[in-house]
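Beneath this line is the structure, given in structure tokens, with notes to follow.
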């Protein structure tokens, strides 16, 4: 899927004038700049506090989650204005004390950038990683903003990562060669301990607690891959000469970054952490109450290959005094991948095997993927851009 000529020209303007893009929200959907359309298009990409007017009906749709779609306080803003009289583009960029104004015509831009006059000319936006190709139907995008948790020493949440409960800083004094925390679902075998890289779960929810002012939480409803920096002591020392910080009060600063999507954010405050969780679940909903064993430790791997393998694994947990409540069997327990049918050569006595586990208060779960046909027929799967069921890779 291509992008509009206008979007591509704006992208080239950004590159040519070396704008430091801190925040971009795509709100331009015009394929071309016709005079019967609104004379003004606005794209948020950068610096300085400003009150933006989103009176265009297209923009209201994009910000339907806001309480007042017609106006929103935005930090770090650049404004592109399309002049309907002479088809010129005015780019106003504000960053700290720097202000640059560039004016040029579409005709000159198209000539300089080598854009075809053909209205059907589009530019494909693709990102490639090894054998995988990621399409960007709305063109290059970026959204980022800061969230500060006041009166806090630590922040918690944004699972799932193999790291400490209190999230370690990724930038600041004493932090070397660290990456931001990544939210991107991956089924990682033999993952790295004490690492910010994403595992099998992504929940963009963070919480903190302070002794004086209670608890606070933040949730960003956006499923796109995300990077989050937790900023430790001294992270801003290099900027203090040019950047005035909002407050010197004790806090934990965080930086949230995404490649696409919208800013649909929720802030929670309360006396205790449980108040934050109650507010959070009022937004997301709650799960059915699970059985007690379901929230205990589950032992699962691909694959316990036989009854003997199951018995040996169970015995080793006892030998090392490691408690667990559930043991899982993956696809290899089946007779030729026929679910609900045991491979009787490898698992000759499945009933007896399960009884032995039950005598110790343990349970067994067998994987069943047989719902695929029903799920496809009832159109339950998440859809891709073509409307087909999304085919995931991990």
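The values are calculated or read from the model by the stated rules, or taken from the named source; none is laboratory data. Please read these numbers as outputs of a predicted model, since none were measured by experiment. Ideal geometry is used to build each Cβ from the backbone, glycine not excepted, and the neighbour counts take in all protein chains shown.
A quick yes/no check of all residues on (1) closer than 30 Å to residue 215 by Cβ; (2) loosely packed, with under 15 Cβ neighbours inside 10 Å; (3) touching a helix residue (DSSP H, G or I) at 6+ places or on another chain (Cβ under 7 Å); (4) modelled with pLDDT under 95:
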| site | (1), (2), (3), (4) |
| --- | --- |
| 280 | yes, no, no, no |
| 312 | no, yes, no, no |
| 324 | no, no, yes, no |
| 375 | no, yes, no, yes |
**Study point:** Pick from segment 127-142, criterion modelled with pLDDT under 85 and part of a loop (DSSP other than H, G, I, E, B), ranking: nearest to residue 231 (Cα to Cα)
**Key:** 141
**Study point:** Checklist (1) in contact (Cβ under 8 Å) with a residue 12 or more places away in the chain; (2) over 30 Å from residue 226 (Cβ atoms) applied to residue 298, failing item
**Key:** (2)
Exercise for review: Would you check if residue 193 is assigned to a loop (DSSP other than H, G, I, E, B) and within 16 Å of residue 267 (Cβ to Cβ)?
Suggested key: no
Practice item. Pick out, from segment 250-335, the strands (runs of 3 or more DSSP E) lying fully within it that include 3 or more residues that are under 30 Å from residue 127 (Cβ atoms). Key: 251-258
Review point. Do we have any residue at all in segment 143-159 that's within 23 Å of residue 221 (Cα to Cα), in a loop (DSSP other than H, G, I, E, B) and touching a helix residue (DSSP H, G or I) at 6+ places or on another chain (Cβ under 8 Å)?
Key: no
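Condition check ((1) farther than 21 Å from residue 301 by Cα; (2) in the same structural domain as residue 303 (by TED's automatic domain parsing); (3) in contact (Cβ under 8 Å) with a residue 60 or more places away in the chain) across all residues:
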| residue | (1), (2), (3) |
| --- | --- |
| 329 | no, yes, no |
| 359 | yes, yes, no |
| 366 | no, yes, no |
| 383 | yes, no, no |
| 387 | yes, no, no |
